[in-house]
Structures are given as structure tokens and as C-alpha cells.
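Since the structure comes first, as C-alpha cells, the remarks are kept for the end.
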Amino acid sequence: MEKFTTHTGRAVPLRRSNVDTDQIIPAHWLKKVTRSGFEGGLFEAWRKDPEFILNQPERGGASVLVAGPEFGTGSSREHAVWALQNYGFQAVISSRFADIFRGNSLKNGLLTVVLPQETVERIWALTEADPTAEVTVDLEAREVRAEGIAASFELDENVRWRLLNGLDDISITLQNADDITAFEQTRPSFKPRTLPVL
Amino acid sequence: MGRTLAEKVWDDHVVRRAEGEPDLLYIDLHLLHEVTSPQAFDGLRLAGRTVRRTDLTIATEDHNTPTLDIDKPIADPVSKVQLETLRRNAAEFGVRIHSLGDVEQGVVHVVGPQLGLTQPGTTVVCGDSHTSTHGAFGALAFGIGTSQVEHVLATQTLPLAPFRTMAITVEGELPEGVTAKDLILAIITRIGTGGGQGYVLEYRGSAIRGLSMEARMTICNMSIEAGARAGMIAPDQTTFDYLKGRPHAPQGADWDAAVAYWETLVTDQDAVFDAEVVIDADELTPFVTWGTNPGQGAPLGASVPDPASFEDPSERVAAENALKYMGLEAGTPLREVKVDAVFVGSCTNGRIEDLRAAAAVLDGRRVADGVRMLVVPGSVRVALQAVEEGLDKVFTAAGAEWRHAGCSMCLGMNPDQLAPGERCASTSNRNFEGRQGKGGRTHLVSPQVAAATAVLGRLAAPVDLSSNVAVEV
């Protein structure tokens, strides 16, 4: 995983709540067997509308998505995170994220930041009025900054440490392989097994 | 202080607990399918890792599989590659797989329980959000992303953030014609799509105790639509009776030891939930969705709501967007909403009891002219059982299409899709924009409502059907 320390970029204000992962990346894109090449499918249905915010020329190259509450609900597809990253987003700000999407994002180095809806509204107002306005997402200081806005955010300290250092979860877990082996020896014999095929 | 069911199962799986770290939890059962696993196996290969416990891992093909002409090569080349990738990965890493054409093939969340692999007090994961289904057995079961799939393949564990607990207490008895699907849709509308966020829900109370295992699975399946981490129901005699004799259920002395353990898996009297919701089962009626998220639902007897009636500004905007997408006018009685298609199937309502319920309504009746009805069993085993009972004949005699097992039109990854603008009454779990096909419009319903809707061509319950079944069909 890539390290995330701090990022500054222009924003896309997405005034929608309950943006589900089927909207972020529709199911027919999920047939791909890679982690790349999903940018074309990001918000595919909405991008057919020329008025959609992502189609506005001044939003080109923006890297911080600022969305309404309940972002990332529905399907567990990690492809939603890959699509956002493939497109160029480095961070997503919302007042509420769905649990699975949030977990997926933080495992891929896409920083999902929870801010109060009132602060989200202020960032929307700022970036709608001035598309060139930059938003800084600072993981070291745990703060989001933009013109006239400085909002601190919370993130689990262990998750933050992994992101700041770009650590791989599996390697960390395997350092405790002995604990796993010890646990396995205590598992009752009635626990289900998939093999051999009966 | 006492512990809740969820806390007990969690505690029994902690491999490692350390200050400032998430608990490392052991995973008893890992289910795989073709869509969310290829990148995980790639990750293993890149790092030179193996699958730690192939004996706790099982794969089936479901999301992409066609429901017609399954003996012919898969027409969509991209789907074909994805299915072949799973087969190759399963062979290379030694994972048991049930491919298209195999008698144990089917939707992953139907297959696990019917094999008896899903058991009380286990931890179950799958790269699929509807893994919450397995919570019906008193398992702690949740959907994970592909990075976590790779993590479980490599370590059989997951580091997990703590959860909160919510009791959903349903007292009373579901009235005639009201099903588990109506109940869960009503619960989601009550608490909202984010209401369960961070929580493991425990469904309890006399109405839940009275439900069959399959109905309990329908309830737990849609916990994710309320944003919950998982949904659970304490195991009881109904659970044990369902499991006894299944291929992977414990046998002999193991069975006795297992039941003795399972019987401890109840929330202690003095345990405290972080939140509680109480629902009166007797008050419920058939429930349907009118919008584009599962929390936008109403009793079938109600009308399409006026967005202005929502106090919360983001809910109001969401309702406006939903009505626009759905092509609905506020104030229209839901019973007047006409449909083009009906889908019976999915991990929510694709089991034998669901097919029986739909068939009972359709028996001797016809699907309305201009309405296309698809019946897709959740697994090959369910299909075989339905055929044995003659249900397939009831469906085809009524003019419905009887298909092969798979996820099918729940998400339209295979050719079973709605055309733009088509409206569907669906027993699946998500009414998101475009979920069943680009531009398609979905109303989530129970199998009974689906069948009655198919007959009348508009949203309806069996009670709306004339008692005089047409003889000259």
C-alpha cells in the first residue's frame, strides 16, 4: 500500500446522499480480474449526463471527493475504491461512510475522512463558488484545511499508523503466526471443514 | 456483566488482543466466488503465499453464471474469463470449488447453509456484503473486500475494529400474508440505510423465534441494507433441526458437543445492548420499496410519499431524485404502480420456501400479459427440490420462466437484465439505480407480493387476487 501523509488538491462537491457502490462502479465492470482500468466505469451512469459535476471541465484533475452522507453503501466490491483511485481521487470526505467501503478504502490508501455535515456543507459552498479552491487533507495533523476552513478529524490510531507508513496488513499479521497456530490447536473438533468433499 | 450473543462469538475467536491494536479474529469459514477473489489470488501469487486453510475455504460460481443454456460455452467472453480464473485459482491453490453444472453449485449464501457448513458460533466471511445471511444460525458473518479476502486466504484471520450491539426486538406474530421480507424491509425503513452502521444487530423476540431458518436467513441477509456490520439470531431447536443430518453438520459425539456449545450462544439476561429498536409484528402489513435505496419503503397499502414530507434535507433530496429515477408521482397509491417484470430469486429469497410461497400464489393463475416473470432458484439443490415438488410446472404453466441457479437479475452481471425504463417487482435486496440493468427500476418485495404482482401486472398482495381462480387458463 502507498503511504498517505498529506494531500492537497482541488475538490469535486458531490451533493448526493446514499451514493452506493453500484453507482460508484456498476456490476458489469466487476468482471475484470485486475485492480486497474476501472476509471472509465466510475459513476458511469451519472457521467452520461453532461451536467454531472465530474463532466465539468473545471473539475478535471480534481483529487478530493466531497460527498453527502452514507457514502459507499451496499455491495462490498473493493472495485469501488479502485475506480476512485484509478480516476485520480486520493481522498473522500463525507459525514458518514458505509463500514465495508471505509475498511476497503483504508486498506488501499484512499483516505476517507469523516467530518460533520456542517463542515461538508462549507466545503461544498467554497468549492462550488471557486472550482480552483484547494483542499488539504493532512493525515499527520489529522486536519482538513481549505480557505477559511480548518477542521480536525478522527481516525483510529492503528489505522493511521499503517497509512502513514504504507504498511501491508498481511505482513503485520504474519508476524503473529505463532499465535494463529496456537489458536488453531484449541479449536473444537466439531467445527466445520470443507474438505474432504463428502 | 453479561455478554450479548455477538460478543460471545467474537470473544471465542480472538487470536490476539493487544493494547492499541485491533483484535485479530480467527475465521472458521471462508466462502469465495468469482467476482471478488481474482485480485486476492493474484496478491498471494505475487507475495509467494499459499492458502493457509484450504479445509476452511470453499468456492462457488454464482454472480456471472448464465441461467439459460448452461451446457453451452459462456457467451460473454469477459464473464467466461472470470469464471475460468476462479477455476484455475481453485486448482492451483487446492480450494474446493462447485462450478456451473455441479450439483452443489449455487448462490454462495444458499450453498453454505444447505451443506451444513454454516453453523452456530462460527465466524463466516465472504467477499460479498450479503454474507450477513449466515448470521441466521448465530454465526458472526460479514462481507469483506478483496484485500481482506487475500488476508483471510493467507492467514485465516482478520484484524477487526470493535463493534457496537443493537437489539431488534420483534414481539408478537406476523399476520397472515406478512413475511420475513416485509419485516426486514420495514425495519430498514425504520432505522435507515445507515441506522445499523458500526453495529451487529441481534434480531430477537417471539416473532423471530417463530420463524423458519430460511425466513431468518432472509432477515439477516438484508442487515447490510441497514448499514450493519452483521445481523444475528440466537440458535435454538429450529436451528439444530435444520442442521442435523446435513453433509457437513457434526456427527456422533461431535454433534452432542456442538449442541452443548451452541446452547450457550444466547445473550445473557443482564447483557446490555448499545441500542434497541422494538417492532410490533402484529402491526405489519406487506411492505414494498418505492425509491432507490432499501430504506425508501412503505406499506403496500400506502402511496408514493411526497418528498416535501421528509424533514431531513438530504432525505428530501434523495426522495426527489428517487421519484425522478423511478418515474413515480408523489401521492400515487403503490397498488396502482404497473410493472414490466417480476424476479423471484437471489440470496434473499431464492430458497425452497420462497419458491413454494410464490408457486402457491401462482398455482392455477396466469402471469399478466406484457409481464415477464423470471424464477431463478438459489442453488441447484433448491432447483432439484422444486422440480421434485412440481413447482417448476406451476411456474411454467403460469407463463413464468423457470431458470437455472445463480444470482441472475439481482444484479444483472449475467444476461438477465432489465431494459432501460423497465419496472420490476423483485424479491432481491437492492433497489439501487441500475442495479438490475441500466435504467431499470426496482421495487423490493416478498415472494408472495412478487407472484401476486405478476398476476395483476401491478404491485399487489395475494389478498388482492380474486378468489375465483380462472379455469380457462
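The values are calculated or read from the model by the stated rules, or taken from the named source; none is laboratory data. Keep in mind it's a predicted model, so treat the numbers as computed, not measured. As a convention, Cβ positions derive from the backbone with ideal geometry for all residues, glycine included, and neighbour counts pool all protein chains shown. Side chains included, ligands, DNA and RNA excluded: accessible areas come from the protein's heavy atoms. Shrake-Rupley method; radii C 1.70, N 1.55, O 1.52, S 1.80 Å.
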Just for segment B:262-289: of the residues that are part of a helix (DSSP H, G or I) and surrounded by fewer than 18 Cβ atoms within 10 Å (Cβ to Cβ), which one is farthest from the other protein chains (Cβ to nearest Cβ)?
-> B:Asp282
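Among B:Thr36, B:Thr67, which is the only one that is within 10 Å of another protein chain (Cβ to nearest Cβ) and farther than 22 Å from B:Ile233 by Cβ? If you could, list the steps in order and put the result at the bottom.
Values: B:Thr67 fails: within 10 Å of another protein chain (Cβ to nearest Cβ).
Going through B:Thr36, B:Thr67 in turn, the sole match is B:Thr36.
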Selection from segment A:133-147 of residues aliphatic (A, V, I, L, M) and open to solvent by 50 Å² or more (accessible area, probe 1.4 Å) yields A:Ala141
Which numbered condition trips up B:Gly143, out of (1) closer than 22 Å to B:Leu265 by Cβ; (2) more than 11 Å from chain A (Cβ to nearest Cβ)?
-> (2)
Selection status of A:Ile170, of a type outside the set (Gly, Ala, Ser), under 27 Å from the mean Cα position of the chain (by Cα) and more than 8 Å from chain B (Cβ to nearest Cβ) | no
What are the residues in segment B:303-349 that are of a type in the set (Gly, Ala, Ser), away from chain A (no Cβ under 14 Å) and open to solvent by 30 Å² or more (accessible area, probe 1.4 Å), if any?
-> B:Ser303, B:Ala308, B:Ser309, B:Gly327, B:Ala330, B:Gly331
Name the one entry in A:Thr186, A:Thr194, A:Thr127, A:Thr112 that is out of contact with any helix residue (DSSP H, G or I) (no Cβ under 8 Å at 6 or more places or on another chain) and either more than 11 Å from chain B (Cβ to nearest Cβ) or surrounded by 19 or more Cβ atoms within 10 Å (Cβ to Cβ) (or both).
-> A:Thr127
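Quick grid of which residues meet (1) under 14 Å from the mean Cα position of the chain (by Cα); (2) open to solvent by less than 10 Å² (accessible area, probe 1.4 Å):
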| position | (1), (2) |
| --- | --- |
| B:Pro120 | no, yes |
| B:Asp128 | yes, no |
| B:His134 | yes, yes |
| B:Ala141 | yes, yes |
| B:Ile144 | no, yes |
| B:Leu158 | no, yes |
Scope segment B:62-86; condition in contact (Cβ under 8 Å) with a residue 60 or more places away in the chain and open to solvent by less than 10 Å² (accessible area, probe 1.4 Å); matching residues | B:Asp62, B:Asn64, B:Thr65, B:Thr67, B:Ser79
Which of the following residues is closer than 23 Å to B:Ala318 by Cα and more than 14 Å from chain A (Cβ to nearest Cβ): B:Arg403, B:Arg435, B:Arg423?
-> B:Arg423
Scanning segment B:39-60 for residues that are part of a strand (DSSP E or B) and more than 9 Å from chain A (Cβ to nearest Cβ) gives B:Ala59, B:Thr60
Filter the helices (runs of 4 or more DSSP H) completely within segment A:81-198 down to those with at least 2 residues that are within 27 Å of B:Val15 (Cα to Cα) and among the acidic types (Asp, Glu).
-> A:177-184
